[in-house]
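Input: a single structure, listed below in structure tokens.
Quick note: the coordinates plus some simple rules give every number you see, no bench work behind them. Fair warning: this is a prediction, and the values are worked out from it, not measured in the lab.
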Amino acid sequence: MYHSARSRSNQHVETPTLLPPKLSEFGHQLFTSREQDSLAHWLREPTWPRDTLNIYALEGYLTALLVWPVALQPGAWLPPIWNEAGWRVRPPIDTVHRYEEFLELVVGFLRTIDQRLLQSPPVFEPSLRLTIGHDRPDVKTHGQHWAQGFGRGLKQGVQSRGGTRQADIVLTEAVLVLASTRSSRGPLGAIPRQLVRGAD
């Protein structure tokens, strides 16, 4: 998880080099509304870079990572949470203890979303109507943040595929999965009755 470096002087100073985590080591504690509030508080820290995801955007982002048909390593999908392109751990999580605490919350959130999606039938309840931390109950704004996070997750999936042909394949798979569950055609209105499953 981390390495320490000693200074050349007689004083021993540990400088942690924080590495991408092993997911198997995190997120196994119960993730409740209290943990969600705590994570929301972390994401509001003023020392983060601009455009760090807030709690609603993070939920959209993690959801996209779970439903998008692509496998990503933690070193690739964690930094976009704090708006970093490469592996660099930013304040306020640049110490070993705070880094591990943050990871426990993020991976706990990820596992909680996944557990609900694995139920039969799947359950998904976005947090848009919840007042988390000191946020105002603003469903429209929360929804915009959620969608931005989801889009960032989809972008991760496309970028990880490397070539144009592979990106084309994964986009096709994702669109067909989403289309199989749609209840309308957006601006075109309702799905024609003869195409609705089980219609007479």
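Things to note:
- Translational diffusion of segment 11-88, µm² s⁻¹ [Kirkwood Rh, Cα pairs; Stokes-Einstein; 25 °C; 0.890 mPa s]: 170 µm²/s
- Normalised by the number of residues in segment 25-160, the average gap of Cα pairs under 8 Å and 6 or more apart makes the relative contact order 43 percent.
- Convex hull volume per residue in cubic angstrom - Cα atoms of segment 25-160: 113 Å³
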